[in-house]
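Working notes for the structure below.
The values are calculated or read from the model by the stated rules, or taken from the named source; none is laboratory data. In this text the structure is predicted, and so the values were computed from the model without any measurement. Please note: Cβ atoms are built from the backbone with ideal geometry, for glycine as well, and neighbour counts cover all protein chains shown. Remember, those area values only see protein heavy atoms, side chains included, never the ligands or the DNA or RNA. Shrake-Rupley method; radii C 1.70, N 1.55, O 1.52, S 1.80 Å.
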Amino acid sequence: MIRTGIGYDVHRLVEGRKLVLGGVEIPHSLGLDGHSDADVLCHAIADAVLGAAGLPDIGHYFPPGDESIRGINSLEILRRAVAEITALGGTLNNVDATLIAERPKILPHVPLMKERLAAALSLAPSQIGLKATTNETLGFLGRQEGMAALATACIEMPHPTTPPSS
Ligand code: MG
């Protein structure tokens, strides 16, 4: 059966951190803060994939208090999300994501981001939708205090077994 999931994530922009989006390091004066590499796009996509299968969010699999995963490459989180649905007999059909960021320009980096996301998700780049928009200078996103990402995922899963009636 076809199932869909959604994901949303926000990270704070700070000085002295790399900006990593969709597995690609992007030159910028600020970077996203977080326990991992803070790749907000990967986190939203991972939650969409897990959510489509009814699984818990990425904080369950990668707890923020776990020192062993400090600075982890978030493409690894995507690989884990796909492994979790694959273990349930699921197949990922496609993902679609939107990054909300005032700066820098994301478009030049989209082809490489799609390539890296596709490799981590075991998809073809054509199965990944990736857009970026600004927040029209409004709110915390508009003030460049952070970046947000939204994602959806569509998966094919075996039909759930009906619990026996007692
Ligand atoms: Mg996150």
Revision key, fill the gap. Only unsatisfied item for SER68, checking (1) at pLDDT 95 or above; (2) outside any loop (DSSP other than H, G, I, E, B), is (1)
Point to revise | Matching residues in the range 14-33 - criterion: being surrounded by 22 or more Cβ atoms within 10 Å (Cβ to Cβ) and within 13 Å of the ligand (Cβ to nearest atom) | key: VAL20, LEU21, LEU32
Revision key, fill the gap. Counting only residues that are within 12 Å of the ligand (Cβ to nearest atom), aliphatic (A, V, I, L, M) and touching a Cys at 6+ places or on another chain (Cβ under 9 Å), the range 61-77 contains a total of 1
Review point. Which of the residues that make up the range 34-57 are open to solvent by 10 Å² or more (accessible area, probe 1.4 Å) and among the charged types (D, E, K, R)?
Key: ASP37, ASP47, ASP57
Point to revise | Answer from LEU21, LEU32, LEU92 - the residue that is farther than 16 Å from ALA149 by Cβ and not hydroxyl-bearing (Ser, Thr, Tyr) | key: LEU92
Exercise for review: Provide a single number: the residues in the range 38-60 that are closer than 23 Å to ILE128 by Cα, more than 10 Å from the ligand (Cβ to nearest atom) and out of contact with any Cys (no Cβ under 8 Å at 6 or more places or on another chain).
Suggested key: 9
Review point. Given the conditions (1) at pLDDT below 95; (2) of a type outside the set (Val, Ile, Thr); (3) closer than 21 Å to VAL10 by Cα, which single one is not true for GLN144?
Key: (1)
